Amino acid sequence: MNERDSYVFASDNAAGICPSALQSLLAANQDCVGSYGGDPWTERAKSLINDFFECSCEVFFTFNGTAANSLALSALCQRHHSIIAHRQSHLQTDECGCPEFMTGGTKILLANGDQGRIDVDHAAELAGYRRDVHFPPVRAIGLTQATEWGTVYDLQHLDRVHELKKRFQLHVHMDGARFANAIASLDVAPKACTWQAGIDCLSLGGTKNGMAVGECVVFFNQSLANEFGFRVKQAGQLASKMRFLSAPWVGMLESGDYLNNARHANAMASQLKNRLQAFGLRVINEVQANGILVDLGETLADQMREQGWHFYDLFNPGESRLMCSWATTQQHLDEFMVDLQQLCKPELNQVGL
């Protein structure tokens with residue numbers, strides 16, 4: 001195992017650029033074109049994203065997901081509003097307060113829910129809690145699809161969120177850093193779990209799925225995109241050489257790799273889950289996308305790290321997250337399981353790898 005491969009389960013961010021994205025990036029480097037999005041690559045990428053969702057939508061490219069999420073919410077809320085998000089969502093745990101910063105102080109209200117998915121009944125309690133001037137009224141719900149737990153919101157769950165949206169006249173934002181993995185898991189058309197399910201705005205992820213850099217904000221409710229370009233510019237997210245953010249989308253969408261990569265990552269995660277369970281280890285989450293939470297225990301987790309593997313304990317010590325990506329191979333799974341076998345007690349190995 002070389003040092004590069006030791007990071008294979010640390011994050012899908014650790015993987016390199018997939019071939020179709022890289023080829024488009026190199027092709028976009030051949031000629032001089034217009035700047036700040038006035039180029040054929042950006043025009044084509046936006047058209048493909050509209051086709052992907054089978055609707056007319058407004059698309060804005062950003063450098064990263066933190067900016068995409070935070071700017072999107074700033075278009076949905078004013079600073080005296082509040083947003084409902086799962087207490088273990090990326091918005092709450094990993095954005096360093098950027099949503100609050102970009103919105104000018106919008107408060108995040110934390111909802112409970114099993115395996116990273118918002119409990120709609122609890123969200124309803126939060127939405128209807130108070131409407132007086134002393135409390136920030138709820139204006140939006142933030143969903144993470146797929147969740148930090150490696151689970152997905154199915155269509156039935158999204159229908160319940162949609163009902164909540166209509167009941168309290170809310171907007172719904174979806175953090176789709178791993179949206180492709182969710183679509184591949186659900187095996188539905190992208191429109192079915194976005195605009196048809198009442199999603200107003202989506203942060204559509206590319207980096208974790210095989211691109212070098214760049215996400216995009218997709219407004220299905222186009223009225224919310226009014227003057228959003230100014231927000232992007234003010235936040236330092238307007239790329240002068242925009243084609244280098246948009247061209248990889250062209251390559252991945254035209255080739256079909258945007259979903260093919262996600263299907264592969266999900267399949268690798270499912271196989272790894274099965275092998276870990278057969279080995280006698282407890283898998284904590286419902287593995288519905290490309291992430292596995294496994295109870296290695298602190299000692300074994302530390303020993304695997306000493307073998308050179310890199311991965312995170314996401315929620316509790318010894319409860320380790322293993323992420324698969326477009327670049328994960330059968331050999332990576334085999335090498336990981338061999339190291340586990342060598343470290344564990346013989347009685348755990350009777351069932352084999």
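The values are calculated or read from the model by the stated rules, or taken from the named source; none is laboratory data. Remember, predicted model here, so these are calculated numbers, not experimental data. No Cβ is skipped: glycine too gets one built from the backbone with ideal geometry, and neighbour counts run over all protein chains shown. Surface areas here come from the heavy atoms of the whole protein model, side chains and all, with no ligands, DNA or RNA. Shrake-Rupley method; radii C 1.70, N 1.55, O 1.52, S 1.80 Å.
Just want the answer: with Cβ charges of +1 for Lys and Arg and -1 for Asp and Glu, which residue in Cys57, Leu26, Ile292 is farthest toward the dipole's positive end in the chain?
Cys57
If the limit is 22 Å between Cα atoms, which of Lys165/Lys208; Lys107/Lys165; Lys46/Lys107; Lys107/Lys208; Lys166/Lys208 go over it?
Details: Lys165/Lys208 29 Å; Lys107/Lys165 18 Å; Lys46/Lys107 32 Å; Lys107/Lys208 28 Å; Lys166/Lys208 32 Å.
Exceeds cut-off: Lys165/Lys208; Lys46/Lys107; Lys107/Lys208; Lys166/Lys208.
Would you please report the Å³ per residue occupied by the convex hull of the alpha carbon atoms in region 234-353? Intermediate results must be reported in sequence, preceding the final value.
Details: hull volume 17.7 nm³, N = 120.
Spread over its residues, the Cα hull of region 234-353 gives 147 Å³ apiece.
Using the basic label-point model (7 angstrom from Cα toward the beta carbon), what is the Val213 to Arg87 distance in nanometres?
Rounded to a tenth, the inter-label distance reads 3.7 nm.
Check which residues have an amide H placed less than 5 Å from Leu109's amide H, if you skip close sequence neighbours.
Distant-sequence amide H within range of Leu109: Ile83, Ile84, Ala85.
Gap in Å between the Cα centre of region 198-275 and the Cα centre of region 41-69?
7
Can you pull out the chymotrypsin sites (Phe, Trp or Tyr not before Pro) in region 28-134 that DSSP calls coil and that have at most 16 other Cβ atoms within 10 Å? Can you show the working numbers first?
On the way: sites: Tyr36, Trp41, Phe52, Phe53, Phe60, Phe61, Phe63, Phe101, Tyr129; in loops: Tyr36, Phe63, Tyr129.
Taking region 28-134 and a limit of 16 other Cβ atoms within 10 Å, the loop chymotrypsin sites (Phe, Trp or Tyr not before Pro) found are Tyr36, Tyr129.
Tally up the carbon and sulfur contribution to the accessible surface of the chain as a whole percent, 1.4 Å probe, everything protein left in place. Don't skip to the answer; put the middle values down first.
Numbers: 7090 of 15070 Å².
The value for the chain is 47 percent carbon and sulfur by accessible area.
Find which of Leu224, Phe179, Leu343 sits farthest along the positive direction of the dipole of the chain, computed with +1 on the beta-carbon of Lys and Arg, -1 on that of Asp and Glu, about the Cα centre.
Projecting each Cα onto the dipole axis, the largest value belongs to Leu224.
State the three equivalent ellipsoid semi-axes of region 151-198, derived from the C-alpha gyration tensor as the square roots of 5 times its eigenvalues, in descending order and whole Å. Don't skip to the end; give the middle numbers.
Details: eigenvalues 76, 22, 16 Å².
Value: 20, 11, 9 Å, ordered largest first.
Are there trypsin sites (Lys or Arg not before Pro) in region 55-150 that DSSP marks as loop and that have at most 15 other Cβ atoms within 10 Å, and which are they?
Values: sites: Arg79, Arg87, Lys107, Arg117, Arg130, Arg131, Arg139; in loops: Arg79, Arg87, Arg117, Arg130, Arg131.
Those that pass, being in a loop and sparsely packed, are Arg79, Arg87, Arg130, Arg131.
Please say if region 1-123 is rounded, prolate or oblate, where rounded means a/c under 1.5 for a ≥ b ≥ c the square roots of the C-alpha gyration tensor eigenvalues, and otherwise the choice is prolate for a/b larger than b/c and oblate otherwise? Could the numbers behind the result be given before it?
Values: a/c = 2.19, a/b = 1.37, b/c = 1.59.
Verdict is oblate for region 1-123.
Taking only DSSP H segments of four or more residues, each worth -39500 (n - 2.57), what value at 222 nm results for the chain once the sum is divided by all its residues, to the nearest 500 deg cm²/dmol?
-12000 deg cm²/dmol
Students sometimes get this wrong: rank Leu259, Leu343, Leu164 by accessible area, probe 1.4 Å, all chains present, largest first. Provide the component values of the computation, followed by the final result.
Working: Leu259 35, Leu343 55, Leu164 10 Å².
Greatest to least solvent exposure: Leu343, Leu259, Leu164.
Might you report the magnitude of the Cβ-based charge dipole of region 1-134 about its Cα centre, with Lys and Arg at +1 and Asp and Glu at -1, to the nearest 20 debye? Don't jump to the answer; show the numbers that get you there.
Values: 9 positive and 17 negative charges, 80 e Å.
So the dipole magnitude of region 1-134 works out to roughly 380 debye.
Show me the trypsin sites (Lys or Arg not before Pro) within region 1-72 that DSSP assigns to loop and that have at most 11 other Cβ atoms within 10 Å of their Cβ.
On the way: sites: Arg4, Arg44, Lys46; in loops: Arg4.
The qualifying sites are Arg4.
Kindly provide the Kirkwood hydrodynamic radius of region 85-228 in Å, to one decimal, from all pairs of distinct alpha carbon atoms.
Numbers: mean 1/r = 0.0641 Å⁻¹.
With all distinct Cα pairs of region 85-228 included, I get 15.6 Å.
For region 128-171, just list the percent of Cα-Cα distances falling in each 5 Å bin from zero outward, please.
Over region 128-171, the share of Cα pairs per 5 Å bin runs 6, 18, 23, 20, 15, 11, 5, 1 percent.
For a Förster distance of 41 Å, can you work out the FRET efficiency between the beta-carbons of Thr299 and Ala192, rounded to the nearest 0.05?
0.40
Averaged per residue, what accessible surface does the chain expose to a 1.4 Å probe, in Å²? Don't jump to the answer; show the numbers that get you there.
Values: 15070 Å² over 353 residues.
Roughly 43 Å² per residue, with all protein chains present.
Mind checking the dipole of region 215-277: about its Cα centre, +1 per Lys or Arg Cβ, -1 per Asp or Glu Cβ, Debye to the nearest 20?
Details: 7 positive and 4 negative charges, 41 e Å.
Charge dipole, region 215-277, about its Cα centre: 200 debye, nearest 20.
When only Cα pairs under 8 Å and 6 or more residues apart are kept, what is the percent relative contact order across the chain? Could you put the intermediate results ahead of the total?
On the way: 692 pairs, mean separation 86.9, N = 353.
Relative contact order for the chain comes out at 25 percent.
Mind running the shape call on region 178-222? Use the C-alpha gyration tensor, a ≥ b ≥ c as the square roots of the eigenvalues: rounded below 1.5 for a/c, prolate if a/b tops b/c, oblate otherwise.
The shape class here is oblate.
Which value, in Å² and to the nearest 10, is the accessible area of Trp195 when all protein chains are kept and the probe is 1.4 Å?
90
Under unit Cβ charges (Lys, Arg +1; Asp, Glu -1), what dipole magnitude, rounded to 20 debye, does the chain have relative to its Cα centre?
The calculated dipole for the chain is roughly 880 debye.
Considering only Cys193, Pro137, Trp149, whose Cα is most displaced toward the positive end of the charge dipole of region 117-212, charges sitting on Cβ of Lys, Arg (+1) and Asp, Glu (-1)?
The Cα lying farthest towards the positive end belongs to Pro137.
Does region 155-269 come out rounded, prolate or oblate, given a ≥ b ≥ c as the square roots of the eigenvalues of its C-alpha gyration tensor, rounded meaning a/c under 1.5 and, failing that, prolate meaning a/b above b/c? Walk me through the intermediate numbers first.
Numbers: a/c = 2.45, a/b = 1.08, b/c = 2.28.
Cα axes put region 155-269 in the oblate bin.
Take the chain, compute every pairwise Cα distance, and split them into 10 Å bins from 0; I just need the percent in each bin.
All Cα pairs considered, the percentages come to 6, 25, 31, 24, 12, 3, 0.
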